[in-house]
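Structure, as structure tokens:
All of the numbers you see were taken from the coordinates with simple rules; none came from a lab. Note that this is a predicted model, so its numbers are computed, not measured. Don't worry about glycine lacking a Cβ; one is built from the backbone with ideal geometry, like all the others, and counts go over all protein chains shown.
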Ligand code: 13P
Ligand code: SF4
């Protein structure tokens, strides 16, 4: 019987049926809606998702995240079909760094090692020496000989944080994440005063005025690990709040407060790009095997080098 003739109990049932039919794997980032996280085969941070995209037996990778993440899956698994529920799921960091401008920027700093955050396009990866994620950036930068000069792009806040941590004087590209710059220092202090038993945990894409109040700073997966291992019962979470879904699964009896924006309680820290993916679009993309991520072979080969260097050093 064709799938359109079948009666499904609900959309989850339909997605699972299509997934089996197409021999697909669903990969999801922690910032996706709860229902997408729950139906995924694997939920992770950028680094874990890259590794999972490289090693799996599926014919089709459905990437529930943003476009640069799906591109990484295609670059690392070029023989597989990689689809993304909404092709417009971009990223403000990726947008801030266009290849024409980046090439010009690089020309101003010859003889610099080009270290680039994974939140960038395949074109930028092809122009980079090493890709990093927030979970391996410090280790990878520390592995670069001290006499080598470094350009870091595109996130200036993560860059500043890494300059402090590694004591390396890096040249920074002027980009930022529209989600992590929305937190308000003033409101965060007010929330902490009202909850003096809470620990502040933050993603390093936050600006310095937020990071300086944090008890712990790390990638999405290390924030989760911290919540799991720390003895505190309450956390103020300064990153995209959909990650709290996994925190509640890991530690259901702990309390999680979303770090506030300027008006004290907006939901402006939701990533508008991640939110473009919905269960309906996930079903439709599995049904149609589209929108598909297509990258020219030559670009795949050039972008793969910097990604492979990262995977080797991680
Ligand atoms: P992670 O690698 O920590 O999951 O971060 C990805 C991201 O886009 C954060 O905004
Ligand atoms: Fe990009 Fe920020 Fe969204 Fe992450 S949270 S995908 S960095 S816009």
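Global dimensions of the stretch 266-314 from alpha-carbon coordinates: Rg and Dmax equal 16.4, 44 Å. With only the Cα atoms considered, the stretch 72-172 has a convex hull volume of 113 Å³ per residue. A prolate overall shape is assigned to the stretch 104-220, the ratio a/c of its alpha-carbon gyration tensor axes (a ≥ b ≥ c) being 1.5 or greater and a/b exceeding b/c.
If each DSSP helix of 4+ residues adds -39,500 (n - 2.57) and the sum is divided by the residues in the chain, what number results at 222 nm, nearest 500 deg cm²/dmol?
Details: 15 runs with 131 residues, N = 314.
Result for the chain, helices only: -11500 deg cm²/dmol.
Above 18 Å, the calculated P(r) of the stretch 46-91 contains 16 percent of its Cα-Cα pairs.
Using the reciprocal of the averaged 1/r over all distinct C-alpha pairs, how large is the Kirkwood radius of the chain in Å?
The Cα-based Kirkwood calculation yields 20.2 Å.
The convex hull defined by the C-alpha atoms of the stretch 66-108 has an orientation-averaged projected area of 3.8 nm².
Which of 147, 86 has the fewest other C-beta atoms within 10 Å, and how do the rest follow up to the most? Listing 147, 86 from fewest to most nearby Cβ atoms yields 147, 86. For the stretch 194-216 versus the stretch 28-49, the inter-centroid distance based on Cα atoms is 24 Å.
Based on alpha-carbon positions alone, could you give the equivalent ellipsoid semi-axes of the stretch 1-89 from the gyration tensor, as √(5λ), descending, whole Å?
They are 22, 15, 11 Å, listed from largest to smallest.
If you sort the three axes of the alpha carbon gyration tensor as a ≥ b ≥ c, you get a/c of 1.5 or more for the stretch 108-159 and a/b no higher than b/c, which makes it oblate.
Per Stokes-Einstein, at 25 °C and 0.890 mPa s, what whole-number D in µm² s⁻¹ belongs to the stretch 185-314, with the Kirkwood radius over Cα pairs as the hydrodynamic radius? My calculation gives 142 µm²/s for D.
Find the Cα radius of gyration of the stretch 1-160, compare it with 2.2 N^0.38 Å by division, and give the number to two decimals. Walk me through the numbers before you get to the answer.
Values: Rg = 18.4 Å, N = 160, 2.2 N^0.38 = 15.1 Å.
Normalised Cα radius of gyration, the stretch 1-160: 1.22.
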